[in-house]
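The values are calculated or read from the model by the stated rules, or taken from the named source; none is laboratory data. Since this is a predicted model, take the numbers as computed values, not measurements. Here Cβ is always computed from backbone atoms with ideal geometry, including for glycine, and neighbour counts include all displayed protein chains.
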Amino acid sequence: MNPLKRWRWWAVLALPLAVIVINSLGPNGWREPVVRLLWLSWTAVAVAVALSASKAMADYAHGRDAWIKALEHPIGAGLAFLALCVLRGAMVVAIVWASMTQFAQAGEVPARQPAGLARAEGMAPMIVDEINAHWPKIPRRSYLGALFEQESCRSLTHSMCWSSTARLKTSREEGGGLAQLTRAWTKTGALRFDSLDEVRRMAPSALEDLDWQSVYERPELSVRAAIIKLRGCDARLQALSPDLDALVRVAFCDAAYNGGWSHLQQDRQLCTLQRGCDADQWFGHVELHSVKSREKWQGYGQSAYDINREHVRNTVPLHSRRMKYLPWLGV
């Protein structure tokens, strides 16, 4: 029989695809359908596992044969077919429940939130407003949540986690606010660089109130500064490499956010000199080659290379810190 003439294929494939496409026409685009598909994919896995397990447990039983026999009215064949249906149905329900429970535990914020996540949830509407105002086409909204967690949180229970007063201060460096905008000095006390001043010059009107006092007092300015800095990086990348995948741009710009634009470009250039390395891919390519030092910094326990690469791994992949911010910020 032609599969296209059977209703099951239309119900299982065509109808769901139509619903997904229709949902993507809404104000959030593909974000909501993607999140829902993540949940539904586990149901499909559960069904596949259930069917395989039931087949392994009763490999001598054939549902189709029992069905054919049942049509001939033997009571035994009918009961055998019914038993198979009950077995498979029970296993599907059990495995769906178990997999959904585990997925919820991994992807959702627990009912009793750590203090840092409670602050994050409270700030989420403000972050969404800043995104919509300054970069509505940002490739991955949930990445911002992971970025601010990475920058401000030693742990989710730390008092400075998701706090505008988060501060890293040494004799030669200061990082402040949710975005940890940084300035540094030389041994003689001369200013080496000031990322706050750099990003303010990128958008003077939007960031006219941003300074080294307000960065600790107004979290929306810190969020806005990070968005504008990332937006500038994304635009530069697209000008250099128009065909870059959106997620690759996020990874590149995260590496640049942590380690500097010039180092990112040097790493990409170094990648081109290595056999099999694609300078337009981060994971498995540029991430493996760097001009950054691999000697551990005193007091950090990691090298500049390790810190930079870990920063990307912790914030960019979907199953990184990004996952917990999907419900609040979108994909």
Given the conditions (1) assigned to a helix (DSSP H, G or I); (2) closer than 20 Å to SER195 by Cβ; (3) of a type in the set (A, V, I, L, M), and given that LEU210 satisfies all but one, which numbered condition is not satisfied?
-> (1)
Taking the residues in region 207-220 that are in contact (Cβ under 8 Å) with a residue 24 or more places away in the chain and either touching a Leu at 6+ places or on another chain (Cβ under 9 Å) or β-branched (Val, Ile, Thr) (or both) as candidates, determine which candidate is farthest from ARG268 (Cα to Cα).
-> ARG218
A careful count of residues in region 153-188 that are part of a loop (DSSP other than H, G, I, E, B), within 18 Å of LEU210 (Cα to Cα) and touching a residue at least 24 places away in the same chain (Cβ under 8 Å) gives 7
May I ask you to list pairs of residues, at least six apart or on different chains, whose Cβ atoms are under 9 Å apart, with the first in region 111-126 being of a type in the set (S, T, N, Q) and modelled with pLDDT of 95 or more and the second being crowded, with 21+ Cβ neighbours inside 10 Å and assigned to a helix (DSSP H, G or I)?
-> none
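State all residues of region 134-152 that are closer than 22 Å to VAL215 by Cβ and surrounded by fewer than 22 Cβ atoms within 10 Å (Cβ to Cβ); if no residue qualifies, say none.
HIS134, TRP135, ILE138, GLN150
Please indicate, with yes or no, whether at least one residue in region 189-204 is outside any helix (DSSP H, G or I), touching an Asp or Glu at 6+ places or on another chain (Cβ under 8 Å) and closer than 26 Å to MET123 by Cα.
So the first thing to find is which residues in region 189-204 are outside any helix (DSSP H, G or I), and the list is 189-194, 203-204.
Now narrow it down to the ones that are touching an Asp or Glu at 6+ places or on another chain (Cβ under 8 Å): none.
Looking through region 189-204, none of the residues is outside any helix (DSSP H, G or I), touching an Asp or Glu at 6+ places or on another chain (Cβ under 8 Å) and closer than 26 Å to MET123 by Cα.
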Only one of (1) touching a strand residue (DSSP E or B) at 6+ places or on another chain (Cβ under 8 Å); (2) surrounded by 13 or more Cβ atoms within 10 Å (Cβ to Cβ); (3) not hydroxyl-bearing (Ser, Thr, Tyr) is not met by TRP297, so which one is it?
-> (2)
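Which of the residues belonging to region 221-274 are of a type in the set (S, T, N, Q) and touching a residue at least 12 places away in the same chain (Cβ under 8 Å)? So that I can check it myself, show each step before the final result.
Kept after step one, since they are of a type in the set (S, T, N, Q), are these residues of region 221-274: 222, 238, 241, 258, 262, 265-266, 269, 272, 274.
Correct list: SER222, SER241, ASN258, GLN266, GLN274.
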Out of region 221-250, which residues are surrounded by 15 or more Cβ atoms within 10 Å (Cβ to Cβ) and over 19 Å from ASP267 (Cβ atoms)?
-> LEU221, SER222, VAL223, ARG224, ALA225, ALA226, ILE227, ILE228, ARG231
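To keep it simple, each residue is scored yes or no on (1) of a type in the set (A, V, I, L, M); (2) at pLDDT 95 or above.
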position	(1), (2)
TYR216	no, yes
LEU230	yes, yes
CYS233	no, yes
GLN266	no, yes
LEU270	yes, yes
LYS296	no, no
SER303	no, no
SER320	no, no
